[in-house]
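**Student:** Can you read through this structure? Questions will come right after.
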Amino acid sequence: MIRFIHLISLILLLNISFIENVDRNNFKTCEQSAFCRRQRKYKPDTTPYEVDLSSMKTITNGHLQFSLLNTLKSHVKLQLDLYTLQHNSLRVKINEINPIRKRYEVERVLVSEPKLVSVNITKSDNNQIEGRFDKTARFILNAKPFRLDLFTNDIFVMSVNSKNMFNFEHYRKKPASDGAPADNNAEDNEDGMWEETFKSHHDSKPHGPSSIGIDVNFLNFENVYGIPEHADAFSLRSTHDTDPYRLFNLDIFEYDIKNPMALYGAIPYMLAHNEHATVGFFWLNAAEGWIDVSNDKLNTKNLFSTITSFFGTKSNENNEVPEVTTHWMFESGIFDGFFFMGPTPNDIFKQYTALTGATPTPPLWSIAYHQCRWNYNDEDDVRGVNNGFEQHQIPVDVIWLDIEHTNGKRYFTWDTSKFPNPEKMQDDLAVYGRKMITISDPHIKKDDGYQVYADAKSRGYFVKSKDGSDYEGWCWPGSSMWLDYFNPEIYKWYSQRYSYDNYKGSTPNLFIWNDMNEPSVFNGPEVTFPKDVVHYGGWENRDVHNLYGMLQHMATFDGLLERSNGNIRPFILTRSFFAGSQRTSAVWTGDNAAQWSHLKIAVPMLLSLSVTGIGFIGADVGGFFFNPDAKLLVRWYQAAAFQPFFREHAHIDTARREPWLFGDDNTRLIRQAIEQRYSYLPFWYTLFYRQEKHGVPPMLPLWANFPRDTNTFKTEDSYMVGNGLLVYPVTEADINQVSVYFPGQNTVWYDIRTFTQHNGSETALINVDMESIPIYQCGGTIIPQRLRKRRASMLAIHDPITLVVALDRNHEAEGELYLDDGQTYDYRQKHAFIHRRFTFKNNELKSISLDSSAKFETDAWIERIVIVGYPKNPSRVEINSGDKQAIPIHSYQDGSQVLIIRRPGPAVTTDWTLTLS
Ligand code: NOJ
């Protein structure tokens with residue numbers, strides 16, 4: 001028996017090391033993916049598709065329906081549905097009429113059926129229909145050839161099928177075995193249509209070809225963003241000389257940076273931004289996708305006359321304007337495209353999240369600092385780490401346990417030799433105000449003695465192979481099976497595994513990490529499910545692949561919610577994601593490496609996620625693989641302290657790297673960075689609340705706040721936290737200077753440490769040493785902070801607040817503060833929150849409530865007000881709150897123009913006015 005276990009371990013070890021050394025050859029290129037090969041080479045001179053305008057039906061006001069014909073294949077009939085939506089958005093669906101097999105339409109992504117607005121048909125002739133709707137949106141549907149043009153504020157912004165790439169592979173009968181095509185059509189038998197082999201993996205393709213390609217083009221734009229997840233630039237690069245960007249959720253170990261390979265999650269959503277407008281295109285499709293991007297010039301002479309004047313700027317002397325052309329190719333499903341017409345960045349955030357949902361305000365502790373490693377070995381180790389934080393006076397909110405904490409990778413169990421008393425361990429952490437997070441992966445170990453497996457097996461809950469048997473593959477526990485979350489009953493059953501009864505040893509202080517949920521299958525094609533495994537409803541993995549991880553983490557969320565009777569906000573971290581994941585989970589960028597290049601790429605990766613709705617995001621601090629040297633580690637802490645999700649994590653083979661293991665000086669620097677994070681938590685929390693309300697993510701590209709500053713459109717070395725902080729992380733080893741661009745004409749920026757001023761629209765060389773995190777507060781903003789030191793964030797929720805008022809050139813500023821209990825839903829159900837607006841104008845700083853129904857009991861008060869950029873020492877400072885008046889002490893520093901008001905004293909819950917004279 002023992003020998004057998006050794007053998008299994010050896011096989012596992014070999015398997016794991018095989019996976020960890022995986023190279024690019026284990027993942028398909030477009031050329032190796034038959035549908036991508038076919039679609040990419042499709043380049044007709046004219047499109048064979050025509051809209052039959054005589055077929056137009058008005059289903060309701062806001063929903064028009066047409067037949068779309070393929071003039072080369074008269075038997076293929078498509079239907080085009082056009083919906084005008086609220087929030088300046090348009091939806092276009094294209095599907096087969098009476099297909100021989102129903103095509104998959106994505107479920108569980110949209111928060112509800114999108115609301116229609118009425119359309120005003122402003123023109124209709126025998127070749128065009130023009131409609132206006134909502135605030136500034138307009139479309140022109142051209143019939144022959146099929147093409148759709150979109151305008152916002154009468155500026156021509158997007159155009160569909162203007163490059164003739166629309167190519168819809170209808171379902172068809174398989175050619176007879178003698179090779180004669182069933183439809184008498186030679187192209188129905190192209191290579192890879194009916195089966196495909198990659199390495200040793202055969203894809204049986206029982207339903208044949210079903211892919212769709214289409215071009216969506218952004219006129220007068222030079223920059224497009226989004227379509228995560230790729231370890232690549234923020235402003236997407238031309239794929240002229242590379243593969244297209246791929247969207248297919250995969251576990252790619254030791255991923256390379258600066259390439260368009262797929263990673264763990266997929267959001268088929270792209271934005272374009274220029275100085276006139278921000279627009280977006282989202283194709284709701286969960287199959288494997290590839291997207292070509294090309295920076296072109298469009299000759300406006302070739303355009304029909306009605307639209308040439310609508311670019312917002314003039315074309316150049318050759319009648320050209322820039323254009324980003326994009327070619328989207330998905331393996332199956334329907335065309336379900338959403339077009340967002342902005343026109344501002346904040347409009348775009350609202351438009352996308354109105355459809356797919358916004359991240360709800362997370363528990364306060366989850367936006368503080370997390371300490372993780374694969375693995376903390378046992379309860380003593382956990383206690384030791386907790387004590388380390390105490391001893392070195394470094395705040396931390398959560399300690400994490402990776403897969404080794406379980407009994408042989410059987411999730412919902414504990415390795416009782418190492419963790420004999422998990423409840424006590426969690427209770428002990430709770431004494432310090434700290435939480436625990438354990439990992440729970442989707443592979444279920446094949447072991448009749450394992451309750452979760454045995455139950456699921458007997459109920460028939462596992463994903464099926466094409467022959468109907470339970471699909472079996474390899475992952476951490478060895479032979480494993482995967483639950484079919486697509487079945488609502490199985491989804492519910494899985495979520496119930498998180499009840500305290502089912503998950504023995506879990507307490508209210510424990511939250512969850514869902515990993516390997518692409519899903520990762522060590523011996524599967526491209527380390528995942530075969531395309532022909534079958535889910536609930538008969539859908540193939542081919543149709544639904546990119547949804548799998550999201551369904552797991554959504555079910556986990558439901559389970560944690562249920563376990564507290566809907567009272568406590570869950571926290572889940574997921575590796576795999578899809579559009580909509582933001583509603584229930586934080587996301588991290590997976591297995592990065594302890595290299596400077598990985599520290600640097602984190603910014604564009606996180607920005608790409610941010611602008612596509614996934615706002616609660618982070619990258620493993622220090623880098624997951626390999627050992628960072630002290631300098632890299634310190635720099636990583638300094639950067640991540642200003643990124644939304646802040647967690648140190650490391651591979652099992654790396655050296656220990658808790659913050660105090662690199663000498664006193666580095667411990668101090670790391671402590672400083674973490675303390676800074678804690679001091680800004682009231683600001684972060686306010687931004688997260690704003691995200692829930694308005695869809696604006698906390699981490700933003702510069703152009704989101706400075707949409708007309710063309711210098712920012714490609715920026716990815718710096719970013720903003722809300723509209724208040726400009727962050728330029730130091731991402732190179734041996735430099736003592738960085739070159740920081742300060743956006744915005746007439747904008748003034750203040751170094752948050754020295755209050756040195758910098759002018760907007762200028763680049764400055766900034767000297768840096770290991771102490772420096774180049775961060776600047778934008779003039780015109782007011783940022784709330786908490787400066788008292790605490791060991792964990794939840795211990796500070798009633799602590800006093802400091803306001804940093806950074807004045808703009810007119811000596812004005814404004815900002816907000818949102819506070820609540822940090823963990824329950826009382827803020828929604830009982831209005832138990834505080835939401836205040838602060839404004840500084842005409843020498844007066846005022847605090848007013850933004851919501852009169854809001855009440856959260858707290859004795860938090862305003863402890864200090866720092867006004868920067870104030871031109872002179874006021875002779876008198878007076879504060880009035882109700883009938884109370886006070887004259888607080890103040891001091892003024894001439895050189896830096898900083899006025900500090902000590903203990904002004906009003907409660908954060910009250911209205912007050914501070915007057916300077
Ligand atoms: C892969 C994850 O990306 C990593 O963070 C984790 O430590 C390992 N799986 C082990 O669970």
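The values are calculated or read from the model by the stated rules, or taken from the named source; none is laboratory data. Remember, it's a predicted structure, so these values are computed and weren't measured experimentally. Quick reminder, even Gly has a Cβ in these numbers, built from the backbone with ideal geometry, and neighbours come from all protein chains shown. Accessible surface areas use protein heavy atoms only, side chains included; no ligands, DNA or RNA. Shrake-Rupley method; radii C 1.70, N 1.55, O 1.52, S 1.80 Å.
**Student:** Given (1) of a type outside the set (Val, Ile, Thr); (2) surrounded by 23 or more Cβ atoms within 10 Å (Cβ to Cβ); (3) part of a loop (DSSP other than H, G, I, E, B); (4) in contact with an Asp or Glu (Cβ under 8 Å, 6 or more places away or on another chain), identify the lone condition not met by Phe529.
**Tutor:** Of (1) of a type outside the set (Val, Ile, Thr); (2) surrounded by 23 or more Cβ atoms within 10 Å (Cβ to Cβ); (3) part of a loop (DSSP other than H, G, I, E, B); (4) in contact with an Asp or Glu (Cβ under 8 Å, 6 or more places away or on another chain), only one is false for Phe529: (4).
**Student:** OK, next. Could you look through segment 634-678, keep only residues that are hydrophobic (A, V, I, L, M, F, W, C) and open to solvent by 10 Å² or more (accessible area, probe 1.4 Å), and pick out the one that is nearest to the ligand (Cβ to nearest atom)?
**Tutor:** Filtering segment 634-678 for residues hydrophobic (A, V, I, L, M, F, W, C) gives 634, 636, 639-642, 645-646, 650, 652, 655, 660-662, 669-670, 673-674.
Applying the additional criterion that residues be open to solvent by 10 Å² or more (accessible area, probe 1.4 Å) yields 652, 655, 660-662.
Numbers: Ile652: 7, Ala655: 15, Trp660: 22, Leu661: 19, Phe662: 21 Å.
The qualifying residue nearest to the ligand (Cβ to nearest atom) is Ile652.
**Student:** Let me ask you something else. Looking at Asn217, Asn274, Asn249, Asn259 in this structure, which one is out of contact with any Leu (no Cβ under 6 Å at 6 or more places or on another chain), open to solvent by less than 50 Å² (accessible area, probe 1.4 Å) and within 16 Å of the ligand (Cβ to nearest atom)?
**Tutor:** Working: Asn217 fails: within 16 Å of the ligand (Cβ to nearest atom); Asn274 fails: within 16 Å of the ligand (Cβ to nearest atom); Asn259 fails: within 16 Å of the ligand (Cβ to nearest atom).
Exactly one residue qualifies, and that residue is Asn249.
**Student:** Still on this model: Among (1) touching a residue at least 40 places away in the same chain (Cβ under 8 Å); (2) surrounded by 15 or more Cβ atoms within 10 Å (Cβ to Cβ), which single condition is Gln65 missing?
**Tutor:** Condition not satisfied by Gln65: (1).
**Student:** A further question follows. Determine the pairs where a residue that is among the small types (Gly, Ala, Ser), located within segment 440-459, has a partner that is surrounded by fewer than 14 Cβ atoms within 10 Å (Cβ to Cβ) with Cβ atoms under 6 Å apart, the partner being 6 or more residues away or on another chain.
**Tutor:** Short answer, once both residue conditions are applied: Ala454/Asp448.
**Student:** Identify the residue in segment 214-242 that is in contact (Cβ under 8 Å) with a residue 60 or more places away in the chain and over 25 Å from the mean Cα position of the chain (by Cα) and, among all such residues, is farthest from Asn274 (Cα to Cα).
**Tutor:** Among those residues, the one meeting the criterion is Leu219.
**Student:** Also: For the structure I just gave you, tell me whether Gly695 is touching a residue at least 40 places away in the same chain (Cβ under 8 Å) and in contact with a Lys or Arg (Cβ under 6 Å, 6 or more places away or on another chain).
**Tutor:** Yes, satisfied.
**Student:** Quick check on this structure: which one of Gln86, Gln79 is farther than 22 Å from Met165 by Cα and open to solvent by 30 Å² or more (accessible area, probe 1.4 Å)?
**Tutor:** Criteria check complete, one pass: Gln86.
**Student:** Within segment 787-797, is even one residue closer than 28 Å to Leu850 by Cα, out of contact with any His (no Cβ under 7 Å at 6 or more places or on another chain), open to solvent by 10 Å² or more (accessible area, probe 1.4 Å) and not hydrophobic (A, V, I, L, M, F, W, C)?
**Tutor:** For segment 787-797, residues closer than 28 Å to Leu850 by Cα, out of contact with any His (no Cβ under 7 Å at 6 or more places or on another chain), open to solvent by 10 Å² or more (accessible area, probe 1.4 Å) and not hydrophobic (A, V, I, L, M, F, W, C): present.
**Student:** Going by what's in this entry, would Glu96 be described as within 28 Å of the chain's Cα centre (by Cα), of a type outside the set (Lys, Arg), at pLDDT 95 or above and closer than 30 Å to Gly192 by Cα? Please lay out each step first, then the result.
**Tutor:** Details: within 28 Å of the chain's Cα centre (by Cα): no; of a type outside the set (Lys, Arg): yes; at pLDDT 95 or above: yes; closer than 30 Å to Gly192 by Cα: yes.
Considered against the rule, which asks whether it is within 28 Å of the chain's Cα centre (by Cα), of a type outside the set (Lys, Arg), at pLDDT 95 or above and closer than 30 Å to Gly192 by Cα, Glu96 comes out as no.
**Student:** Of Leu803, Leu819, which residue is over 22 Å from Arg671 (Cα atoms), touching a residue at least 60 places away in the same chain (Cβ under 8 Å) and over 29 Å from the mean Cα position of the chain (by Cα)?
**Tutor:** Values: Leu819 fails: over 29 Å from the mean Cα position of the chain (by Cα).
The conditions single out Leu803.
**Student:** Also, I was wondering about something else. Look through Phe688, Phe713, Phe683 and report the one residue that is touching a Gly at 6+ places or on another chain (Cβ under 7 Å) and either crowded, with 20+ Cβ neighbours inside 10 Å or closer than 30 Å to Val224 by Cβ (or both).
**Tutor:** Details: Phe688 fails: touching a Gly at 6+ places or on another chain (Cβ under 7 Å); Phe713 fails: touching a Gly at 6+ places or on another chain (Cβ under 7 Å).
Step by step, each of Phe688, Phe713, Phe683 is checked, and only Phe683 is touching a Gly at 6+ places or on another chain (Cβ under 7 Å) and either crowded, with 20+ Cβ neighbours inside 10 Å or closer than 30 Å to Val224 by Cβ (or both).
**Student:** Something else about it: Please go through segment 629-656 and give me each residue that is without any contact (Cβ under 8 Å) to a residue 40 or more places away in the chain and farther than 28 Å from Ser235 by Cα, ordered by number. Write out each step before concluding.
**Tutor:** Here is the first cut: in segment 629-656, the residues without any contact (Cβ under 8 Å) to a residue 40 or more places away in the chain are 629-630, 633, 636-637, 640, 653, 655.
Matches in segment 629-656: Asp629, Ala630, Asp653, Ala655.
**Student:** Additional query: Which condition does Arg383 not pass, out of (1) more than 16 Å from the ligand (Cβ to nearest atom); (2) touching a strand residue (DSSP E or B) at 6+ places or on another chain (Cβ under 7 Å), if it passes all the others?
**Tutor:** Arg383 satisfies every listed condition except (2).
**Student:** Right, next: Could you list all residues from segment 582-607 that are part of a helix (DSSP H, G or I), under 29 Å from Arg569 (Cβ atoms) and either open to solvent by less than 10 Å² (accessible area, probe 1.4 Å) or within 16 Å of the ligand (Cβ to nearest atom) (or both)?
**Tutor:** Our first condition is that a residue be part of a helix (DSSP H, G or I); within segment 582-607, this holds for 582-583, 596-607.
Imposing the further condition that a residue be under 29 Å from Arg569 (Cβ atoms) reduces the set to 582-583, 602-603, 605-607.
Across segment 582-607, the qualifying residues are Gln582, Ala602, Val603, Met605, Leu606, Leu607.
**Student:** Is it the case that segment 331-353 has a residue that's open to solvent by less than 10 Å² (accessible area, probe 1.4 Å), touching a strand residue (DSSP E or B) at 6+ places or on another chain (Cβ under 9 Å), within 16 Å of the ligand (Cβ to nearest atom) and not assigned by the TED database to the domain that holds Ala796?
**Tutor:** no
**Student:** Which numbered condition in (1) open to solvent by 10 Å² or more (accessible area, probe 1.4 Å); (2) within 16 Å of the ligand (Cβ to nearest atom) is the only one that Ser417 fails?
**Tutor:** (2)
**Student:** Would you pick out the residues in segment 726-762 that are under 23 Å from Ser597 (Cβ atoms), surrounded by fewer than 19 Cβ atoms within 10 Å (Cβ to Cβ) and among the polar types (S, T, N, Q)?
**Tutor:** Within segment 726-762, Asn736, Gln737, Ser739 meet the criteria.
**Student:** Looking at segment 653-686, which of its residues are more than 16 Å from Ile752 (Cβ to Cβ) and among the small types (Gly, Ala, Ser)?
**Tutor:** Ala655, Gly663
**Student:** Still on this structure: Which of (1) open to solvent by less than 40 Å² (accessible area, probe 1.4 Å); (2) within 16 Å of the chain's Cα centre (by Cα) is the odd one out, the single condition His694 does not satisfy?
**Tutor:** (1)
**Student:** Moving on to the next point. Which residue pairs have Cβ atoms under 7 Å apart, sit 6 or more places apart or on different chains, and have a first residue in segment 132-156 that is within 30 Å of Thr71 (Cβ to Cβ) and a second that is among the aromatic types (Phe, Trp, Tyr) and in a strand (DSSP E or B)?
**Tutor:** Arg138/Phe151; Pro145/Tyr49; Phe146/Tyr49; Leu148/Phe139; Asp149/Phe139; Asp149/Phe156; Leu150/Phe139; Leu150/Phe339
**Student:** Okay, next question. I'm checking my understanding of the structure. Among residues of segment 517-570 that are over 22 Å from Ser33 (Cα atoms) and of a type in the set (Asp, Glu), which one is nearest to the ligand (Cβ to nearest atom)?
**Tutor:** Among those residues, the one meeting the criterion is Asp558.
**Student:** While we're on this one: For segment 624-633, which residues satisfy the criterion of being assigned to a helix (DSSP H, G or I), hydrophobic (A, V, I, L, M, F, W, C) and either surrounded by fewer than 18 Cβ atoms within 10 Å (Cβ to Cβ) or within 16 Å of the ligand (Cβ to nearest atom) (or both)? Reasoning before the result, please.
**Tutor:** From segment 624-633, those assigned to a helix (DSSP H, G or I) are 630-633; that's our starting set.
If we keep only those that are hydrophobic (A, V, I, L, M, F, W, C) too, we end up with 630, 632-633.
Residue satisfying the conditions is Ala630 alone.
**Student:** Another question about this same structure. Considering (1) aliphatic (A, V, I, L, M); (2) more than 25 Å from Arg237 (Cβ to Cβ); (3) away from the ligand (no atom under 16 Å from the Cβ), say which one Val730 fails and leave the rest.
**Tutor:** (2)
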